[in-house]
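This report concerns only the one structure given below.
The values are calculated or read from the model by the stated rules, or taken from the named source; none is laboratory data. None of the values given here were measured: they were computed from a predicted structure. With ideal geometry, Cβ positions are generated from the backbone for all residues, glycine too; neighbour counts draw on all protein chains shown. Ligands, DNA and RNA are stripped out before the accessible areas are found, and what is left, the full protein with its side chains, is counted by its heavy atoms. Shrake-Rupley method; radii C 1.70, N 1.55, O 1.52, S 1.80 Å.
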Amino acid sequence: MKPTLKSVLTVLLIMLCVNTHAQWLKKAESSDDLYKEAKREIEAKPPHYQRAISLCNRALDISPRNLDIYLLLGRAYSLAGKTDSARITLNYVIQKNPRYKDAYIYLVNMEAVACNYQQAIEYADMGLKQYPNDRDLLLKKLDI
């Protein structure tokens, strides 16, 4: 091979390696990282609920079966005042896993705050069917 052809091929090979290496260095976005960031946004002072909702939705694009993300999304919707979206999301969690106690607690709290006491009692009863002697659900039901 001619020396100029070797030089050109060497330069192209180096450029290809640098480009590939740059892609390896780029950290892929994980649903766990987005979940943790969304949780921090909810707990921040002042909280950023809309940003948490956005992060949860991005995390669900990556891991659509992760019920923990759905639960956090429902909580963020509830805290942001979007009770209809929160209700849908939290009911989805219960539909997929009826033994998810936190979903019942969030629904009971949300309905009690909205003065939907009958619905809150129904959610408490649903939770008590799964957890008959749960102290938190019993106290919430008695409080309502």
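A compact table of results
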read-out: Residues that are part of a helix (DSSP H, G or I) and open to solvent by 70 Å² or more (accessible area, probe 1.4 Å), drawn from the range 117-135; value: Tyr117, Gln118, Glu122, Met126, Lys129, Arg135
read-out: Subset of the range 24-35 that is open to solvent by 70 Å² or more (accessible area, probe 1.4 Å) and outside any helix (DSSP H, G or I) - its residue that is nearest to Lys101 (Cα to Cα); value: Glu29
read-out: In the range 88-110, residue nearest to Leu72 (Cα to Cα) [restricted to those that are over 17 Å from the mean Cα position of the chain (by Cα) and crowded, with 22+ Cβ neighbours inside 10 Å]; value: Met110
read-out: Close pairs (9 angstrom Cβ cut-off, 6 or more residues apart or separate chains): touching a residue at least 60 places away in the same chain (Cβ under 8 Å) in the range 52-68, part of a helix (DSSP H, G or I) and of a type in the set (Val, Ile, Thr) anywhere; value: none
read-out: Which listed residue, of Leu138, Leu71, is at pLDDT below 95 and either over 28 Å from Glu37 (Cα atoms) or in contact with an Asp or Glu (Cβ under 7 Å, 6 or more places away or on another chain) (or both); value: Leu138
read-out: Pairs where the first residue, in the range 101-117, is closer than 12 Å to Ala86 by Cβ and the second is in a loop (DSSP other than H, G, I, E, B), C-beta under 9 Å, 6+ apart; value: Ala103/Asn97; Met110/Asn116; Glu111/Ile144
read-out: So Arg51, is it open to solvent by 50 Å² or more (accessible area, probe 1.4 Å), at pLDDT 95 or above and touching a helix residue (DSSP H, G or I) at 6+ places or on another chain (Cβ under 7 Å); value: yes
read-out: Matching residues, the range 54-80, being β-branched (Val, Ile, Thr) and buried (at least 19 other Cβ atoms within 10 Å of the Cβ); value: Ile69
read-out: Single unsatisfied condition, Tyr131 versus (1) in contact with a Leu (Cβ under 7 Å, 6 or more places away or on another chain); (2) within 23 Å of Ala76 (Cα to Cα); (3) not basic (Lys, Arg); value: (2)
